[in-house]
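This report concerns only the one structure given below.
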Amino acid sequence: MPAYESFREPVTKMADGTIKQLNPFSGTEVWTVPGRANRPLGVKNPDPQPINPDDVGHHCAFCTQRVLETPPEKSRLVRKGEDAEIIQTDSVDMLSRQWEFRRVPNLFEILSFDYWAMNYDYRLSSEASKRLEAYVADPAGRAHVMGVLRNKFSSRMTADEFEKISDADKMAGAYSFFGGGHDLVVAKRHFVDGATDDTQLAGSGTLTPQEHEWYMRLTIDAMKDLYASNRYVRYVQVFQNWLKPAGASFDHLHKQLVAIDQRTVNGRLEVEKVRENPNLYNEAGINYAGYHNLIIAENAHAVAIAGFGHRYPTLEVWSKSANIQPWEHTRDEKTAMSDLVHAMHAATGTDVPTNEEWYTKPVDSDVNMPWRILLKWRVSTLAGFEGGSKIYVNTIDPWSLRNRVVPRLLELRAEGKLARNINIATECSCEVNALKYNPALQ
């Protein structure tokens, strides 16, 4: 290895075919062992059930006809001509109107409103307070808030006990709906249009490229707002759990955003490494992938690779932009990221449990870090070997992952299901230092 490289060799092929991987950013060690690969992927339902037309819109609490089961909506994305726009939701009446994606508070937050209030003396902003007052001033709005609170507290008190709580305490319980830091971005469809049985779920890859860009747009808007709404927030983690084996509560497409008061573990590790080598993400990420034929697809502003050093088979999508935070990207740059993430989901398929994880620069970091999104296929279960050794067995090596995804991408493109201007595999430029986050490359 040349002396100037500041990272260990990420991938080593052993004589017997074992592939040892070391994640250059997190330090995670992963082995792919011959004979444990090529296992079947995906969750198969051996007994698909027909969809009752009377149940459309009622399948889960995220569905279109059950909007009163989620906390008061913060915003929504609605069609407008050939495009769409984000609208701030200010009344319960808006819930009956058409929408493509909704932003709603998570009923069961990872960090509650009380966490911020008790640890930081955080208060509702004047804007959020006015919105709460206006919402509950409408009898229908008040009924909505009380109904959701009653459901939230049902596990620890009876309905009679809830009714005995003072109005002031009930309203305090609703603060999280108007000023909390854990939101969901929910898609309209539960099943694909024209679905006939309950295996035909609507996932990220079944959206059109334009719909997926809308989905990303509302998520980025929510991310920016969570930072702006609470000055104690140091990081907003964005993720998507698809299917129950990946941690989803409902098999209904949605993303989650969680504001936290510290950098993530990966964020802390990576800041130190990038301080030492500002070009680390190029050298140990995209450049290395290009030299080892692991680039899967690219467009003008983003590139997708088969990841290495992950516990699960992982597709990585990296922004090439010199802009850092997602909301700082231009419209074209955001769309480029969306198009490649959509393509990776489409190639993965809706029957594979998947975690989508966003990685961005901590807002208080002094070094630049590119926006990247990882799609992890949850196709194996961690066991005692991994727990004891901290060496993880990933049954699909990066080249096998690439070889599974590339043919499917070519099929999808031929069917017209991907965004235009995506280059695949050998069509990619494999440009060295393609990520322009590094000021030295701008």
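The values are calculated or read from the model by the stated rules, or taken from the named source; none is laboratory data. Keep in mind that this is a model prediction, so the values were computed, not measured. All Cβ positions, glycine included, derive from the backbone under ideal geometry; neighbour counts span all protein chains shown. What goes into the accessible areas is simple: the full protein's heavy atoms, side chains included, and nothing from ligands, DNA or RNA. Shrake-Rupley method; radii C 1.70, N 1.55, O 1.52, S 1.80 Å.
Quick test of your reading of the structure: LEU382 fulfils all but one of (1) under 28 Å from LEU257 (Cβ atoms); (2) in contact with a helix residue (DSSP H, G or I) (Cβ under 9 Å, 6 or more places away or on another chain); (3) among the aliphatic types (A, V, I, L, M). Name the failing condition by number. Checking LEU382 against (1) under 28 Å from LEU257 (Cβ atoms); (2) in contact with a helix residue (DSSP H, G or I) (Cβ under 9 Å, 6 or more places away or on another chain); (3) among the aliphatic types (A, V, I, L, M), the one that fails is (2).
Taking segment 159-174 as the range and being over 17 Å from ASN106 (Cα atoms) and open to solvent by less than 30 Å² (accessible area, probe 1.4 Å) as the test, the residues that pass are PHE162, LYS170.
Give the residue, chosen from THR335, THR264, THR348, that is touching an Asp or Glu at 6+ places or on another chain (Cβ under 8 Å), open to solvent by 10 Å² or more (accessible area, probe 1.4 Å) and β-branched (Val, Ile, Thr).
THR335
Specify which of the listed residues (GLY309, GLY247) is of a type outside the set (Val, Ile, Thr) and either free of Cβ contacts under 8 Å to residues at least 60 places away in the same chain or surrounded by fewer than 22 Cβ atoms within 10 Å (Cβ to Cβ) (or both).
On the way: GLY309 fails: either free of Cβ contacts under 8 Å to residues at least 60 places away in the same chain or surrounded by fewer than 22 Cβ atoms within 10 Å (Cβ to Cβ) (or both).
Result of the check over GLY309, GLY247: GLY247.
Restricting segment 45-71 to residues that are closer than 18 Å to LEU243 by Cβ and exposed (fewer than 10 other Cβ atoms within 10 Å of the Cβ) leaves a set whose member that is modelled with the highest pLDDT is GLN49.
Test GLY205 against the stated conditions and say whether it is within 27 Å of ALA117 (Cα to Cα) and touching a Ser or Thr at 6+ places or on another chain (Cβ under 8 Å).
Numbers: within 27 Å of ALA117 (Cα to Cα): no; touching a Ser or Thr at 6+ places or on another chain (Cβ under 8 Å): yes.
When the stated conditions are applied, GLY205 does not pass them.
Yes or no: segment 73-88 includes at least one residue that is assigned to a helix (DSSP H, G or I) and surrounded by 15 or more Cβ atoms within 10 Å (Cβ to Cβ). No, every residue in segment 73-88 fails to be assigned to a helix (DSSP H, G or I) and surrounded by 15 or more Cβ atoms within 10 Å (Cβ to Cβ).
Can you tell which of ARG156, ARG131, ARG142, ARG123 is out of contact with any strand residue (DSSP E or B) (no Cβ under 6 Å at 6 or more places or on another chain), exposed (fewer than 15 other Cβ atoms within 10 Å of the Cβ) and within 24 Å of ASP90 (Cα to Cα)?
On the way: ARG156 fails: within 24 Å of ASP90 (Cα to Cα); ARG131 fails: exposed (fewer than 15 other Cβ atoms within 10 Å of the Cβ); ARG142 fails: exposed (fewer than 15 other Cβ atoms within 10 Å of the Cβ).
One residue alone meets the criteria, ARG123.
Among the candidates THR208, THR219, the residue that is under 18 Å from HIS342 (Cβ atoms), among the polar types (S, T, N, Q), out of contact with any strand residue (DSSP E or B) (no Cβ under 9 Å at 6 or more places or on another chain) and modelled with pLDDT of 95 or more is uniquely THR208. The set of residues in segment 98-120 being open to solvent by 60 Å² or more (accessible area, probe 1.4 Å) and within 15 Å of VAL186 (Cα to Cα) consists of GLN98 alone. When segment 370-428 is examined, which residues are found to be among the polar types (S, T, N, Q), in a loop (DSSP other than H, G, I, E, B) and open to solvent by 60 Å² or more (accessible area, probe 1.4 Å)? Once the filter is applied, which keeps residues that are among the polar types (S, T, N, Q), in a loop (DSSP other than H, G, I, E, B) and open to solvent by 60 Å² or more (accessible area, probe 1.4 Å), segment 370-428 yields THR381, ASN421. Among the residues of segment 280-296, those that are open to solvent by 20 Å² or more (accessible area, probe 1.4 Å) and in a loop (DSSP other than H, G, I, E, B) comprise HIS292, ASN293.
Kindly indicate which of LEU410, LEU418 is within 23 Å of HIS329 (Cβ to Cβ) and modelled with pLDDT of 95 or more. Talk me through it step by step, then tell me what you get.
Working: LEU410 fails: within 23 Å of HIS329 (Cβ to Cβ).
When all the criteria are applied, what remains is LEU418.
Within segment 345-358, the only residue that satisfies the criterion of being under 13 Å from the mean Cα position of the chain (by Cα) and of a type in the set (A, V, I, L, M, F, W, C) is TRP358. Taking first residues from segment 55-76 that are under 13 Å from LEU107 (Cβ atoms) and touching a residue at least 40 places away in the same chain (Cβ under 8 Å) and partners that are open to solvent by 20 Å² or more (accessible area, probe 1.4 Å) and of a type in the set (Asp, Glu), the Cβ contacts under 6 Å between residues at least 6 apart in sequence or on separate chains come to ALA61/GLU69. Evaluate the following for ASP169: is it over 27 Å from ASN230 (Cα atoms), out of contact with any Pro (no Cβ under 7 Å at 6 or more places or on another chain) and free of Cβ contacts under 8 Å to residues at least 24 places away in the same chain? The answer is no for ASP169.
Quick check on my filter: what residues within segment 226-236 are in contact (Cβ under 8 Å) with a residue 24 or more places away in the chain and either over 20 Å from the mean Cα position of the chain (by Cα) or outside any loop (DSSP other than H, G, I, E, B) (or both)? Steps first, please.
From segment 226-236, those in contact (Cβ under 8 Å) with a residue 24 or more places away in the chain are 226-227, 229-230, 232-236; that's our starting set.
Listed by number, the residues that qualify are LEU226, TYR227, SER229, ASN230, TYR232, TYR235, VAL236.
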